[in-house]
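The values are calculated or read from the model by the stated rules, or taken from the named source; none is laboratory data. Bear in mind the structure is a predicted one, so any value in this text is a computation, not a measurement. Every residue, glycine among them, receives a Cβ derived from its backbone with ideal geometry; neighbour counts consider all protein chains shown.
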Amino acid sequence: MSERAHVAASWRAADVDPPAAPPREHFARFHGQTRSDPWQWMEDLFTPEVFAVVQANNAYTTAVLEPLESTAADAEAQIRSWTPQGTRSVSVRKGRWSYYSRTVDGAEGSAAVLRCRCLIDLGSGEAMPQTEQIVLDEAALSAGQSHFALGVYDLSPDDRFLAYAVDLVGDERFCLRFRDVAAGSELPVRVDGVTYGGAWDAAAEHYFHLVTDATGRAFQVWRLTLATGERTLVYEEADQSSWLTVGLTRSERYVFIESDSHVGNQIFAIDALAPESEPVLLGPARRAGVHIRADHREGQFWILTNSGDETSRLWHCPTTATAELTEVVFGDARETKLQTVDAFAGHVVLQTYSPGHRGLRVIGAEGVVTDLALPDGTTWVSLNGNPDHDSRRVRFTASSVVCPPITAAYDLHSGSTDILDRVVLPGWDPARYEQLDLVARSCDGTAVPLTVLRQRRSAGAPPPPGAVLEVYGAYGAVLPLDFDPARLPFLASGGIYAFAHVRGGGDGPPGWHEAGRGEHKAMSVNDYLACAEALVRTCDLPAGCVVASAASAGALVAAAALNTSPESFAGLVLEVPFLDPLGTLLDPEAALTTIDWAEWGNPLADAHAYAAVSAYAPYDNISTRAYPPVLVFAALNDSRVGAHEALKYVSRLRDQAFGGPFLLSTDLSAGHCGSTDRDARKRKAALICAWVLEALAQCRDA
């Protein structure tokens, strides 16, 4: 029996063979180099031949994983019991209304939600349930649909109209619609092909929205006149490396149009009282390496700048001098990065970050700076439910990997914090777990933050079954350490769950993103391998008893690490993965390619970028050696990372590598963000848990 068959046999429920997907010679030359892409023929998923391979892979994966059904069922029961329950959300006050959502009794799936509001008694300040109005009935909108997602949910400043956008496919291209909430009726105006974000003018007569080009890049802002449906182009981003966002300040006075890229951004402002006026540049023009965030209050713009050399600085300037940053409130916040700025009438709130921890900083009316005291163990915090510009309370949600969310409000008058809602899960005790903030040394000596969650161990306790090591490491994004019930069954089994904060992400000191971007991307992979080695050494694990876990762009890091050192891992589990970066970046018509050139390099135009990407690209660097089991999840309607990348990668693994099994499951009714069916998401998470435990068991027995 071959090594491949020997390793794979213990997973099989029956004597089944993987789907046939033979290579077909396909060569292309770039910069004097010949690239072989034998599974290029599978890039069009919707041809009958390729779609049949997709379906055959789904059937094969189901058959191979059949022996894990019992373990997966137990994990699913745990996930369900530890998922926060509740038929009604915590209410949010805006103006004279109290807003909340409630689930429909007995409804299934993820869209069985009523978004509601009721009037507030001006005397008592209490909500009056008898005045309830349905703002949006998601259950009715999603009836009979396999996918339902909202991309826009935006009430007008006068509380009369709702702009909302619906995606029934999963490709994140939405249909924009409008409701007269007070009348409970739909308006005839509709716009197809919009994307996330939008903004009302002050009079609720116009709505600013975004549309995408053929690659999915948001490149135009349009102003729609609600009464007539007439649309006027407001701003177009011609630079194909940049994309647009649009939104209304909390003060509801300015519409912000942000032109963003992976290396810098700039913001334009439109007075919401004069919606037909031209956008005005706010603060500095785009500068490489500098990202800005902004908000408005009391005749001033508050602007936060982050750069590799200066790191975080907070400024403010009069709205009459938008091109000048006239006063530094404070700067050079090197130890704690400032991520966002949110302005209220009487105070400003900053979200702060250091590896493994987030916080909130409040600047009061007199300039007094207060770092809010958060619940013990908090690793993730976000503002939540603060639509009222005049509020004197800062409402937020805090959690950690093991601590369920707490919704609280800080009162600026009293300095006290009130708990508005605390999720308590029967049978789940966060005190049983501990967090370790470790450091791994990469190959060049760089200290890489490593966050580890595990059970507190007593003398004589059995050793952990192994570890899962999660990674992202791209676009300067922070790896969220929030509460996710999907992780809990593995932790409850004694497993270790860890997060590698590698270069390329936003989890380190100034320059962390730049140090793992473009020609330096290989450092992300080296950092991840160093974290895997440190995890084994620090937690006294058997060699290789680490399962690599990643999604989207993070999958590139994890899969490249597997190619470099497959013996370092017990398995690899990927979701909607970016695995063929060379093939995608060589195609300017592929989804988001022109935007991504700034992050990964442009191998089409630059020979050095071609060499750099080809050196680590997971699909191009699979070798003829033993690999651990690999489980990949893709989504047929993914508009960010084509599902063909996963199909090509798994097909090449089966052809060239030994070991496995190499499994692929493609969701036929979802996109990049996954299924919107809550039950389906729980089943998938439980199956992953069961697969991880089996992969680790086989690693220990090897």
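Identify, please: which residue in region 459-495 is buried (at least 24 other Cβ atoms within 10 Å of the Cβ) and among the β-branched types (Val, Ile, Thr) and is, among those, nearest to Ala515 (Cα to Cα)? It comes out as Val471. Pull up region 224-244, narrow it to residues that are touching a residue at least 24 places away in the same chain (Cβ under 8 Å) and closer than 17 Å to Glu599 by Cβ, then point me to the one that is surrounded by the most Cβ atoms within 10 Å (Cβ to Cβ). Among them, the one singled out is Trp243. Scanning region 373-412 for residues being assigned to a loop (DSSP other than H, G, I, E, B), within 24 Å of Asp484 (Cα to Cα) and of a type in the set (A, V, I, L, M, F, W, C) gives a total of 5. Taken together, the residues in region 61-99 that are in contact with a strand residue (DSSP E or B) (Cβ under 7 Å, 6 or more places away or on another chain) and among the hydroxyl-bearing types (Ser, Thr, Tyr) amount to 6.
Is it the case, given these coordinates, that Ser142 is among the polar types (S, T, N, Q), outside the structural domain of Arg253 (by TED's automatic domain parsing), out of contact with any Asp or Glu (no Cβ under 7 Å at 6 or more places or on another chain) and more than 30 Å from Gly427 (Cβ to Cβ)? If you could, list the steps in order and put the result at the bottom.
Values: among the polar types (S, T, N, Q): yes; outside the structural domain of Arg253 (by TED's automatic domain parsing): yes; out of contact with any Asp or Glu (no Cβ under 7 Å at 6 or more places or on another chain): yes; more than 30 Å from Gly427 (Cβ to Cβ): yes.
Yes, satisfied.
Going by the conditions given, is Val16 among the hydrophobic types (A, V, I, L, M, F, W, C), modelled with pLDDT under 95, surrounded by 15 or more Cβ atoms within 10 Å (Cβ to Cβ) and in contact with a helix residue (DSSP H, G or I) (Cβ under 9 Å, 6 or more places away or on another chain)? So Val16 does not fit the description; no. Just to be sure, is Ala605 among the hydrophobic types (A, V, I, L, M, F, W, C), without any contact (Cβ under 8 Å) to a residue 40 or more places away in the chain and not in a helix (DSSP H, G or I)? Spelling it out, Ala605 is indeed among the hydrophobic types (A, V, I, L, M, F, W, C), without any contact (Cβ under 8 Å) to a residue 40 or more places away in the chain and not in a helix (DSSP H, G or I). Within region 194-226, the set of residues being at pLDDT below 95 and among the small types (Gly, Ala, Ser) comprises Ala214, Gly216.
Being surrounded by 19 or more Cβ atoms within 10 Å (Cβ to Cβ), among the polar types (S, T, N, Q) and modelled with pLDDT of 85 or more is a property that Thr340 lacks. Scanning region 564-583 for residues being out of contact with any His (no Cβ under 7 Å at 6 or more places or on another chain), among the β-branched types (Val, Ile, Thr) and buried (at least 24 other Cβ atoms within 10 Å of the Cβ) gives a total of 1.
Residues that are under 15 Å from Ala558 (Cα atoms) and of a type in the set (A, V, I, L, M, F, W, C) were ranked within region 614-631; the one that is surrounded by the fewest Cβ atoms within 10 Å (Cβ to Cβ) is Ala615.
Given the criteria in a helix (DSSP H, G or I), in the same structural domain as Tyr619 (by TED's automatic domain parsing) and over 23 Å from Leu45 (Cβ atoms), does Ala680 qualify? For Ala680, the condition - in a helix (DSSP H, G or I), in the same structural domain as Tyr619 (by TED's automatic domain parsing) and over 23 Å from Leu45 (Cβ atoms) - is not met. Only one entry of Arg503, Arg487 meets the criterion of being under 22 Å from the mean Cα position of the chain (by Cα) and within 24 Å of Ala288 (Cβ to Cβ), and that entry is Arg503.
Can we say Asp332 is at pLDDT below 95, in a strand (DSSP E or B), over 19 Å from the mean Cα position of the chain (by Cα) and among the acidic types (Asp, Glu)? Taking the combined requirement at face value, the residue satisfies it.
Of all residues in region 658-681, those that are over 17 Å from Ser142 (Cα atoms) have Cβ atoms under 7 Å from Cβ atoms of residues that are charged (D, E, K, R) and outside any loop (DSSP other than H, G, I, E, B), 6 or more apart or on another chain, in Phe658/Glu3; Phe658/Arg4; Gly659/Glu3; Gly659/Arg4; Gly660/Arg4; Phe662/Arg654. For Ala498, the criteria (1) of a type in the set (A, V, I, L, M); (2) within 22 Å of the chain's Cα centre (by Cα); (3) more than 29 Å from Lys684 (Cα to Cα) hold in every case but one, which is (3).
Scanning region 115-135 for residues that are surrounded by fewer than 20 Cβ atoms within 10 Å (Cβ to Cβ) and in contact (Cβ under 8 Å) with a residue 40 or more places away in the chain yields a count of 2. For His147, the conditions (1) touching a residue at least 60 places away in the same chain (Cβ under 8 Å); (2) farther than 26 Å from Thr83 by Cβ are fulfilled apart from (2).
The rows are residues; the columns are (1) more than 23 Å from Val16 (Cβ to Cβ); (2) not acidic (Asp, Glu).
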position	(1), (2)
Trp41	yes, yes
Ala52	no, yes
Thr61	no, yes
Leu65	no, yes
Glu69	no, no
Thr83	yes, yes
